[in-house]
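The values are calculated or read from the model by the stated rules, or taken from the named source; none is laboratory data. Only a predicted model underlies this, so the values are computations on that prediction, with no experimental measurement involved. Heads up, the Cβs are rebuilt from the backbone with ideal geometry, glycines too, and the neighbour counts pull from every protein chain shown.
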Amino acid sequence: MRWQGRRTSDNLEDRRGISGKQVAIGGGIGGILIAVLFALLGGNPDEVTQILQPTRMESTSGVNQPLSEKDKQMGDFVSVILAETEDVWNQIFQQAGHTYREPKLVLFTDQTSSACGFAGAASGPFYCPGDEKVYLDLGFFEEMQRKLGAPGDFALAYVIAHEVGHHVQNQLGITEQVMAKQGQMDEVDFNRLMVRLELQADFLAGVWANHAQRMANILEEGDIEEGINAAGAVGDDRIMKQTQGYIVPDAFTHGTSEQRVRWFVKGFKTGDINQGDTFNADQL
């Protein structure tokens, strides 16, 4: 990606290397092991925080850990991508006669607190509607490259854009409408609704890439292929096959690899937010 020398975001909150750690009291290793699966699936905040909900947070003393040059560069990259999402969604919302509230993005190491509860590395990247922040431990992307075979800087950009897509859904009232259905239907039907929510976030990530390319010419050869590979790597079917050896379609919450790729590509090809109504689509 062409990202060096570009504008960085004022909405990056870097908690890496801060003094002390926030330690969860409560929860338990069972919840963390389950959350690892959710992390690999893309980390929906409501699912993750229900699993990793501590009784309280306690601080332990420590010393500031200086960031390496690699860490600093990764932080700069994330900040540039966040800025690119701001430019795109500000323009799209403005053209529709609305005002876009830019989300914050929190970079952390190991664990931190959020309005949705405890945020740990095991929970993976997620968006919290309660404070309108995206939470991100960059160690997740090392896992993506090593365990899921999804390398490349645009793979990281895709994940950030997907989580910002959840913020767009939250602002448009879509998230609230979906979560209001919880408890009104059985678990299998609600899982299917969550799949449509997640696939729409993939679509919105593609819309972002389309507009960012037209506005700032950020893409290099192979970038979209990296995004497609990343979207396919976090499909429910692929993750279940890798982690437990078999697939349970009724437990899908994010969509298959083929579905995630298809909606991301549709968003990228059309760039039209109006073509991303996954909730009324006959075919996902």
Kindly check whether there is at least one residue in region 115-127 that is crowded, with 19+ Cβ neighbours inside 10 Å, within 24 Å of Thr243 (Cβ to Cβ) and over 15 Å from the mean Cα position of the chain (by Cα). yes
Identify, by number, the condition in (1) touching a His at 6+ places or on another chain (Cβ under 6 Å); (2) of a type in the set (Asp, Glu); (3) within 25 Å of Trp89 (Cβ to Cβ) that Asp223 doesn't meet. (1)
Which number in (1) closer than 20 Å to Ser9 by Cβ; (2) in contact with a Gly (Cβ under 7 Å, 6 or more places away or on another chain) marks the one condition that Pro103 misses? (2)
Could you give every pair whose Cβ atoms fall below 6 Å, whose first residue belongs to region 142-171 and is over 16 Å from Phe77 (Cβ atoms), and whose second residue is outside any helix (DSSP H, G or I), counting only separations of at least 6 or pairs across chains? His166/Tyr127; His167/Pro103; His167/Tyr127; Asn170/Pro129
Let me spell it out: the conditions are (1) under 30 Å from Leu172 (Cβ atoms); (2) at pLDDT below 70; (3) in contact with a Leu (Cβ under 9 Å, 6 or more places away or on another chain); (4) surrounded by fewer than 19 Cβ atoms within 10 Å (Cβ to Cβ), and Ala35 meets all of them except one. Which number is the exception? (4)
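For region 76-100, how many residues meet the condition of being of a type in the set (A, V, I, L, M, F, W, C) and more than 22 Å from Asp14 (Cα to Cα)?
Here the count works out to 5.
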Residues in region 138-191 that are among the acidic types (Asp, Glu) and buried (at least 18 other Cβ atoms within 10 Å of the Cβ): how many? 1
Applying the selection to region 239-265, what residues are in a helix (DSSP H, G or I) and under 23 Å from Phe279 (Cα atoms)? Pro249, Asp250, Ala251, Ser257, Glu258, Gln259, Arg260, Val261, Arg262, Trp263, Phe264, Val265
Failed item, numbered, when Lys104 is tested on (1) of a type outside the set (A, V, I, L, M); (2) farther than 19 Å from Lys72 by Cα; (3) out of contact with any helix residue (DSSP H, G or I) (no Cβ under 7 Å at 6 or more places or on another chain): (2)
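For every residue, the table says whether it meets (1) aromatic (Phe, Trp, Tyr); (2) under 10 Å from the mean Cα position of the chain (by Cα).
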residue: Tyr158; (1), (2): yes, yes
residue: Glu163; (1), (2): no, yes
residue: Gln171; (1), (2): no, no
residue: Glu176; (1), (2): no, no
residue: Lys181; (1), (2): no, no
residue: Asp186; (1), (2): no, no
residue: Leu193; (1), (2): no, no
residue: Gly206; (1), (2): no, no
Per the list (1) modelled with pLDDT of 95 or more; (2) under 28 Å from Phe154 (Cβ atoms); (3) surrounded by fewer than 11 Cβ atoms within 10 Å (Cβ to Cβ), residue check on Lys70 breaks on (1)
Contact list, first residue from region 91-112 and acidic (Asp, Glu), second anywhere and modelled with pLDDT under 95 and in a strand (DSSP E or B), beta-carbon distance below 8 Å, six or more apart or interchain, is Asp110/Lys21; Asp110/Gly120
Can you tell me which residue in region 249-284 is surrounded by the fewest Cβ atoms within 10 Å (Cβ to Cβ), limited to those that are modelled with pLDDT of 95 or more and among the β-branched types (Val, Ile, Thr)? Thr270
Against the condition buried (at least 16 other Cβ atoms within 10 Å of the Cβ) and of a type in the set (A, V, I, L, M, F, W, C), how does Ala209 come out, does it pass? yes
